[in-house]
1. Output the residues belonging to the range 59-80 that are surrounded by fewer than 22 Cβ atoms within 10 Å (Cβ to Cβ), touching a residue at least 12 places away in the same chain (Cβ under 8 Å) and farther than 30 Å from residue 120 by Cα.
2. From 97, 116, 169, 142, grab the single residue that is farther than 26 Å from residue 48 by Cα and more than 15 Å from the ligand (Cβ to nearest atom).
3. Considering only the range 81-102, state which residues are surrounded by fewer than 17 Cβ atoms within 10 Å (Cβ to Cβ) and in contact (Cβ under 8 Å) with a residue 24 or more places away in the chain.
4. Against the condition within 16 Å of the ligand (Cβ to nearest atom), in a helix (DSSP H, G or I) and either under 28 Å from residue 64 (Cα atoms) or touching a strand residue (DSSP E or B) at 6+ places or on another chain (Cβ under 7 Å) (or both), how does residue 274 come out, does it pass?
5. In the set 100, 72, which member is under 16 Å from the mean Cα position of the chain (by Cα) and outside any helix (DSSP H, G or I)?
6. Give the range 38-69 a look and list any residue that's under 19 Å from residue 106 (Cβ atoms), under 16 Å from the mean Cα position of the chain (by Cα) and not in a loop (DSSP other than H, G, I, E, B), or say none.
7. Any chance you could count how many residues in the range 25-37 are in contact (Cβ under 8 Å) with a residue 40 or more places away in the chain and not in a loop (DSSP other than H, G, I, E, B)?
Ligand SMILES: Cc1cc2nc3c(=O)[nH]c(=O)nc-3n(C[C@H](O)[C@H](O)[C@H](O)COP(=O)(O)OP(=O)(O)OC[C@H]3O[C@@H](n4cnc5c(N)ncnc54)[C@H](O)[C@@H]3O)c2cc1C
């Protein structure tokens with residue numbers, strides 16, 4: 001009798017690595033919303049050479065995740081390979097000529113590191129709960145300063161495994177977006193700084209955040225981009241959406257451009273509520289809101305419109 005052959009899984013056909021490959025890895029616990037399905041395969045590279053060799057040899061779909069503070073991972077999970085850069089990519093070097101931060105370093109840690117070395121310019125990062133890789137990809141910004149204003153250059157591994165350093169000017173930054181080459185993985189960012197005491201500004205930023213944002217909630221930060229000449233939260237308020245709920249998802253009472261998982265939300269609840277807010281804002285104001293939050297992966301079921 002012939003032995004039954006098991007169909008090859010994605011894990012079986014991926015190239016060998018020195019880091020970790022995990023099949024069917026739950027992603028929800030990593031995300032700020034605490035929702036979402038699994039990665040078909042999660043790859044945690046050991047170092048940049050491991051990442052580069054993997055990308056050169058891998059033909060499958062690859063999705064990058066940073067600290068997952070600006071994403072909704074859908075309930076059906078993410079097909080293909082999800083890459084997360086861990087602690088091995090989180091080194092920070094600070095000196096008067098600049099700060100070099102690994103893509104896996106948290107924004108707050110980088111701001112604190114610069115401050116501890118008597119360097120100013122990165123205070124704005126202290127209130128943004130993502131990683132440096134995500135900050136570059138999103139051109140993250142706060143209180144009038146964006147990544148593009150302080151970034152000098154980025155080290156990347158391209159989708160085909162080649163390494164490249166690009167000047168910030170070549171990255172085509174826009175509002176909450178960058179022109180990173182398709183599939184490029186940021187591994188390090190070079191920032192300009194100047195000597196000075198960053199502590200007072202960082203304390204101010206902390207106080208402003210606490211007063212205006214649900215910083216301890218399960219959220220994804222600003223849901224929609226501010227349309228030119230408007231604030232997204234004001235449009236959402238004008239459409240009467242503050243506090244609106246769908247399943248376990250709610251429009252924050254504290255900041256109307258933040259969606260919350262109140263404890264039992266699915267990714268479909270959160271995304272469905274966001275779509276409902278867009279529909280109501282369009283009906284009330286004639287303005288179409290554009291998602292800032294990146295929605296990744298596949299749903300378990302079709303999104304239902306609210307009655
Ligand atoms: C409470 C709260 C407050 C927030 N306040 C702000 C704010 O003031 N200003 C602001 O700009 N944002 C804010 N955000 C949103 C979020 O923190 C930022 O967009 C952050 O830069 C995302 O970084 P991340 O590491 O979490 O990226 P993720 O959310 O994991 O990913 C975001 C995007 O970046 C890509 N990416 C991640 N890492 C890499 C990499 N190494 N190379 C290439 N691409 C990569 C991902 O593929 C994805 O497309 C807030 C979020 C929360 C929850």
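The values are calculated or read from the model by the stated rules, or taken from the named source; none is laboratory data. Computed from a predicted model, the values in this text were never measured in an experiment. Don't worry about glycine lacking a Cβ; one is built from the backbone with ideal geometry, like all the others, and counts go over all protein chains shown.
1. Selection gives 60, 61, 62, 63, 75, 76, 79, 80.
2. Details: 97 fails: farther than 26 Å from residue 48 by Cα; 169 fails: farther than 26 Å from residue 48 by Cα; 142 fails: more than 15 Å from the ligand (Cβ to nearest atom).
Answer to the check: 116.
3. Once the filter is applied, which keeps residues that are surrounded by fewer than 17 Cβ atoms within 10 Å (Cβ to Cβ) and in contact (Cβ under 8 Å) with a residue 24 or more places away in the chain, the range 81-102 yields 86, 88, 96.
4. In short, yes.
5. Of 100, 72, the one residue that is under 16 Å from the mean Cα position of the chain (by Cα) and outside any helix (DSSP H, G or I) is 72.
6. 64, 65
7. Within the range 25-37, the subset in contact (Cβ under 8 Å) with a residue 40 or more places away in the chain is 25, 27-28, 30-37.
Filter again for not in a loop (DSSP other than H, G, I, E, B), leaving 25, 28, 30.
Number of matching residues: 3.
One line per residue, one yes/no per condition, for (1) at pLDDT below 95; (2) over 24 Å from the mean Cα position of the chain (by Cα); (3) surrounded by fewer than 17 Cβ atoms within 10 Å (Cβ to Cβ):
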residue	(1), (2), (3)
237	no, yes, yes
241	no, yes, no
257	no, no, no
278	no, no, no
289	no, no, no
